1. How many percent of DSSP beta bridges within the chain run antiparallel, rounded to 5?
2. If each residue of separation counts as 0.36 nm, what is the full-extension length gain between residue 114 and residue 78 once their alpha-carbon separation is subtracted?
3. Tell me, in nm to one decimal, what length is gained between residue 305 and residue 318 on full extension, where the rule is 0.36 nm per residue of separation less the Cα-Cα distance?
4. Cβ neighbours within 10 Å, averaged per peptide: list 17-27, 245-255 in order, most packed at the top.
5. With label points built 7 Å along Cα→Cβ from the Cα atoms of residue 227 and residue 297, find their separation and express it in nm.
6. Quick check on packing: order 147-155, 182-190 by the mean number of other C-beta atoms within 10 Å, highest mean leading.
7. Using the basic label-point model (7 angstrom from Cα toward the beta carbon), what is the residue 200 to residue 260 distance in nanometres?
8. Before anything else, pin down the relative contact order of the chain: Cα pairs under 8 Å, at least 6 apart, normalised by residue count, whole percent.
Ligand code: ATP
């Protein structure tokens, strides 16, 4: 009987539970013993795991977060930590691990694979920033959460004829900000990937729309773009609110959405894709294949060598940004 394991690592994302469920059920239905490792690589090194069965993953498909808990571990990135993890795998007869997480977690999966423990990565991160994938588990739910939250902000923004600046997650990648910005009709969208000028991209746009009768404004800022504001002498989104009030005369408020973006019941899309990816990953391990990342490209589920996947590049579609700027004026 084969023994495979599953863990969730790095930042949690809605849909991770659906992926865990799919790994466990695929493994059990194909005659494998499936171990659930708690708290990512930290739990692996500590041997914090238990045997799962078909019923262990009942009633989780609709839940955000991860039933296996998630963690980050510096110790695991050291050779000593890695050897600890390998010993635990050997003691427990673990032949392969499905690692659900972001690119940091995939680097850990690569390092375990080269040391003889087959690992398959499944992309779980709300930022959609994994280079080999068009889509990552949690992204759709997070987008919908942001849209819902900003719609609420818009109600009060409109009543008071204000400008509301909303910071969303995305340190290195602006997918959430760009697509949420389109969905909420933001006047300006600031992204880490695209240089912007406060005068041209915010103040001038606001003034132009004011002349056409617009009285309330939403500005969406990715976390990573906040740092660029500082470079232009503006202290974050609160500083931007003060700058707009002073220069345009529109009362302005700043909101950081924060961790609300990580939670919530996963969307249909996240549940379905997570289920397909989890099952695909378990089948790879059951077939004795490791050192792979499961990905989605053009609606198709496929897999890549982890090292190749980590070396791929992906860039934000500038045409989508141009469209956003053209229509939200
Ligand atoms: P998110 O996209 O949500 O941040 P992530 O998987 O990229 O998710 P990280 O914190 O970067 O999150 O990585 C999770 C864990 O993976 C780390 O705590 C560490 O244990 C392991 N890890 C990260 N980078 C490496 C690396 N270069 N080599 C080995 N292990 C790594």
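Read-outs throughout are calculated quantities, based only on the coordinates presented, and are distinct from any laboratory measurement. Quick caveat, the model's predicted, so the values are computed rather than measured. Every residue, glycine as well, gets a Cβ built from its backbone with ideal geometry; the counts of neighbours run over all protein chains shown.
1. Working: 10 of 42 bridges.
Close to 25 percent.
2. Working: separation 36, 0.36 × 36 = 12.96 nm, distance 1.45 nm.
Extra length available between residue 114 and residue 78 comes to 11.5 nm.
3. Numbers: separation 13, 0.36 × 13 = 4.68 nm, distance 2.81 nm.
Gain in length upon complete extension: 1.9 nm.
4. Values: 17-27: 27.2, 245-255: 15.5.
Averaged packing, sorted descending, gives the order 17-27, 245-255.
5. 2.9
6. Details: 147-155: 15.3, 182-190: 22.2.
By packing density, highest mean first, the sequence is 182-190, 147-155.
7. With each label point 7 Å from Cα toward Cβ, the separation is 3.4 nm.
8. Numbers: 731 pairs, mean separation 77.8, N = 329.
Relative contact order, the chain: 24 percent.
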